[in-house]
Amino acid sequence: MTAGLALAVIAGVIAPASAEISERTIRVSNGVAEDHPVGEGVRAMKACFDEKTGGKWTLNAFWSSALGDDLQATQALRSGTQEMVITSSSPIVGVLPALGVFDLPFLFANEQEADAVLDGEFGQYVSDMMPQVGLVNLAYWENGFRNLTNSKRPVTKLDDFDGMRVRVMQNNIFLDTFQTLGTNATPMAFGEVFSALETGTIDAQENPYVTIDTSKFYEVQEYLSNTRHAYTPFMVLFSKPIWDTYAEDEQQILRDCAVVGRDVQRAASRKLSEESLARIKEAGLEVNDIDEASMTQIRDAVQGVYERHKDEIGAEVVDRMQAALAEVRGQ
Ligand code: TK8
């Protein structure tokens, strides 16, 4: 029995509870460019690994969908052929429908609410669901509040969406939201968006300022309208099959360093956001806010999305999110 157990440990099949830190190479991929704030988070996470493992771990980062788009990379984690991905929650709702809760339009009002919910009990409740689908969520980082860019016209009111060919993430809730707004919405992987805008296959896309900036969408768009229609989190996911071969203290290093990266990445995202907006304006895009009366009309138009997708997301998940938000708001 003892010999068998020893052999299993040597084979790396059963990681001993308090093993030494082993030599590891961790590949982390994502769809954004290296100068996106995710890059700051990855560098901070790497420095944390270097310190906690004495340089035994190597973190290799791959940018701009080099290892596949969000969903492809996430599937590679589930099959144990890649260690880590930093992905928006939206394109992987097919893996775990509960993640669709983050796509409900106008859910969060500001970053403070998002941080409190994601880093609190509700975020843990969702993270606890991930191992059942072969994933471990190490931390929530910031993709951010999403705004619409397009090549046709300023969007100042509900009617201005009519007929606009908008790319949305591969996600039924975003598809429903933008169809309800009157657009001709097309689900598409992030890596295809720039060329689709450049060739005129689509008129519009929606992303935070820092993504519009670092993915250079401003080069192929004319207008930016401040819709702030959703806040998307990034999830720092690790492969559960590979996780299971790590010792407990190695698993704790992964968790701790992803949180170190989180705080650096969020700060960088919020700092760069205003700089990105300035660059977008310098590039010549016409930037507009939307007046409160028109925003109310837009919000009211998409309220039905909540009811239509509640069962698909999970009624308990939606109810717990709304309770968490009420608590954060002191309601
Ligand atoms: C990057 C994507 C992107 C997301 C999108 O991998 O697809 O529009 O906002 O940031 O996850």
TODO: Would you point out the residue of the range 209-221, among those that are part of a helix (DSSP H, G or I) and out of contact with any strand residue (DSSP E or B) (no Cβ under 8 Å at 6 or more places or on another chain), that is nearest to the ligand (Cβ to nearest atom)?
DONE: Thr214
Open item on the list: Return the pair list, or none, for Cβ contacts closer than 6 Å from residues in the range 262-279 that are basic (Lys, Arg) to residues that are open to solvent by less than 60 Å² (accessible area, probe 1.4 Å), at least 6 apart or on different chains.
Closed with: Arg262/Ala139; Arg262/Trp141; Arg266/Glu142; Arg279/Asp213
Open item on the list: Here are the criteria: (1) within 16 Å of the ligand (Cβ to nearest atom); (2) closer than 21 Å to Ser88 by Cβ; (3) in contact with a helix residue (DSSP H, G or I) (Cβ under 9 Å, 6 or more places away or on another chain). Tell me which single one Asp203 does not satisfy.
Closed with: (2)
Open item on the list: If the requirement is being over 11 Å from Ala230 (Cβ atoms) and in contact (Cβ under 8 Å) with a residue 40 or more places away in the chain, which of these qualifies: Gly123, Gly134?
Closed with: Gly134
- [ ] Identify all residues within the range 158-176 that are open to solvent by 10 Å² or more (accessible area, probe 1.4 Å), in contact with a helix residue (DSSP H, G or I) (Cβ under 6 Å, 6 or more places away or on another chain) and either on the phi > 0 side of the Ramachandran plot or not in a loop (DSSP other than H, G, I, E, B) (or both); write none if there are none.
- [x] Leu158, Asp176
Task: Residue among Glu312, Glu286, Glu292 that alone is open to solvent by 30 Å² or more (accessible area, probe 1.4 Å), farther than 21 Å from Arg228 by Cα and outside the structural domain of Phe106 (by TED's automatic domain parsing) - done: Glu312
Task: Number of positions in the range 260-277 that are over 22 Å from Met235 (Cα atoms) and surrounded by 12 or more Cβ atoms within 10 Å (Cβ to Cβ) - done: 3
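Within the range 111-127, track down each residue that is small (Gly, Ala, Ser) and in a helix (DSSP H, G or I).
Ala114, Ala116, Gly123, Ser127
Conditions tested, residue by residue: (1) open to solvent by 30 Å² or more (accessible area, probe 1.4 Å); (2) touching a Phe, Trp or Tyr at 6+ places or on another chain (Cβ under 9 Å); (3) more than 12 Å from the ligand (Cβ to nearest atom).
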residue	(1), (2), (3)
Glu51	yes, no, yes
Gly55	yes, yes, yes
Asn60	yes, no, yes
Trp63	yes, no, no
Leu71	yes, no, no
Leu77	no, yes, yes
Val85	no, yes, no
Asp103	no, yes, no
Task: Residues (part of a helix (DSSP H, G or I), open to solvent by 10 Å² or more (accessible area, probe 1.4 Å) and either under 23 Å from Leu104 (Cβ atoms) or touching a His at 6+ places or on another chain (Cβ under 6 Å) (or both)) located in the range 178-208 - done: Gln179, Thr180, Phe190
Open item on the list: When you check Thr227 against the structure, is it within 17 Å of the chain's Cα centre (by Cα) and either surrounded by fewer than 21 Cβ atoms within 10 Å (Cβ to Cβ) or modelled with pLDDT of 95 or more (or both), yes or no?
Closed with: no
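Which of the following residues is assigned by TED's automatic domain parsing to the domain that holds Leu138, touching a Phe, Trp or Tyr at 6+ places or on another chain (Cβ under 9 Å) and of a type in the set (D, E, K, R): Arg299, Arg266?
Details: Arg299 fails: assigned by TED's automatic domain parsing to the domain that holds Leu138.
The match here is Arg266.
The values are calculated or read from the model by the stated rules, or taken from the named source; none is laboratory data. Treat the numbers as computed from the prediction; the structure is a model and nothing was measured. For neighbour counting, all protein chains shown are included, and Cβ atoms are generated from backbone atoms with ideal geometry for every residue, glycine included. To get the accessible areas, we keep the full protein, side chains included, count just its heavy atoms, and leave off ligands, DNA and RNA. Shrake-Rupley method; radii C 1.70, N 1.55, O 1.52, S 1.80 Å.
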